[in-house]
Amino acid sequence: MLFKTTSRLFFGAFKALFANFETFLKICWAWFAIFLAGQVIGEIFSPPEFGAIGPGRVVAAFVFVVVYVLGNASIAVAWHRCLLMEERPGWLHLTVGGRELRYALKFFAVMLILMVLMIPVAALLWLFISQGILAIVVMIATMVFFVLPFILRFSLVLPAVAMDEPLGFGEAFRDSEGLGLPMSLAAVGLSLVIAGGTFAVGLLAMIGGGAGLFSVVAATILLLALQVAATALQISVLTGGYYILRERQANAPQQGQPPV
C-alpha cells in the first residue's frame with residue numbers, strides 16, 4: 001500500500017506537469033520574472049560591507065518576502081485549480097485576492113506547526129552532535145519519516161483553500177492517516193530527481209565552458225526550467241494527496257450507515 005500510494009503520487013506529479021506544462025508556464029512566468037528582478041535589484045543595492053544593514057534594506061527585504069509569499073500562493077492556487085478543476089489562466093497570471101491571502105495565512109500556520117515539530121528534532125540533533133555523520137543521518141531520517149509526513153498531512157488544508165472547500169487542520173490530519181509517509185517519500189524522490197538534473201546541468205556547463213556565452217545561456221535556461229519543474233512537482237504532490245484524501249472521504253461510510 002505504501003509503495004502503491006507513493007508511486008501514484010510520484011509518477012502522477014510528472015504526468016500532471018508534462019500534460020499541463022504550458023499552463024504552468026502561463027501561471028508562473030510573470031511571478032518568476034518579478035522574483036528574479038527583486039533578487040537582481042537587491043544585489044545591486046546591497047551594502048558593500050558585510051553586515052551593513054540599514055532601514056531601507058530591511059524594508060526592501062520585507063517587501064520582497066511579502067511579494068514572494070503572495071506570488072507563490074498565487075502560483076500554487078492556480079496550479080491546484082488547474083489540476084483539480086481544469087481551470088486554465090491566461091498568459092499573464094498575477095492574481096492576488098482573498099483566496100491567495102487565505103492560502104498564504106494557512107501556509108504560515110503550517111510553518112508554525114513545523115517550528116514546533118522542529119524543537120524535538122533540534123534536541124535530538126544536539127544529543128548526536130558529537131557523532132559527526134551519524135547526526136546527519138539521524139536528522140535526515142527524522143525529517144523524512146517523522147516531521148515531513150506530519151507537515152504534509154496538515155498541509156492538505158492548502159489545496160482545500162484553493163478549491164474554496166472547508167477543511168480544518170484536525171480533519172485533514174485525521175482523514176489522511178497513512179498518507180503522510182507516501183507524500184513525504186514522493187516529495188523527497190522528486191527533489192532528488194531535480195537535484196540530479198541540476199548537478200548534471202552544472203557539470204555539463206563546466207565541461208562545455210569553452211563554448212563561452214552560449215554555454216552559460218544554455219545552462220541558465222536549463223536551470224530555470226528545472227526550478228519551474230521543481231515548483232510544479234512539489235505542488236502536485238500536495239494536490240495528489242488532497243485528491244486521495246477526498247477519495248477516502250467520499251468512499252467512507254456515512255454515520256449510521258453500514259460500510260459497503
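Express the relative contact order of the range 57-144 as a whole percentage, based on alpha carbon pairs under 8 Å and six or more residues apart in sequence. Before the final figure, lay out each step's value.
On the way: 32 pairs, mean separation 20.1, N = 88.
The value is 23 percent.
What is the gain in length, in nm to one decimal, between Q39 and F3 on full extension, counting 0.36 nm per residue of separation less the C-alpha to C-alpha distance?
9.0 nm
Grab the Cα-Cα distance for L101 and L25, subtract it from 0.36 nm times how many residues apart they are, and report the gain in nm with one decimal.
Details: separation 76, 0.36 × 76 = 27.36 nm, distance 2.19 nm.
Extending this stretch completely gives an extra 25.2 nm.
Give me the distance in nm between label points sitting 7 Å out from Cα along the Cα-to-Cβ direction at A250 and V138, one decimal.
Taking the two extended label points, one gets 4.5 nm.
Applying a 10 Å radius around every beta-carbon, put 230-236, 192-198, 147-153, 246-252 in order of their mean neighbour count, most first.
Per-residue Cβ counts within 10 Å, averaged per peptide and sorted highest first, yield 230-236, 147-153, 192-198, 246-252.
Say each of L114 and L203 gets a label point 7 Å from the Cα, pointing the same way as Cα to Cβ; how far apart are those two points in nm?
Here the answer is 2.9 nm between the modelled labels.
Read-outs throughout are calculated quantities, based only on the coordinates presented, and are distinct from any laboratory measurement. All figures in this text were calculated on a predicted structure; none of them were measured in a lab. Note that we place each Cβ from the backbone using ideal geometry, even for glycine, and neighbour counts take in every protein chain shown.
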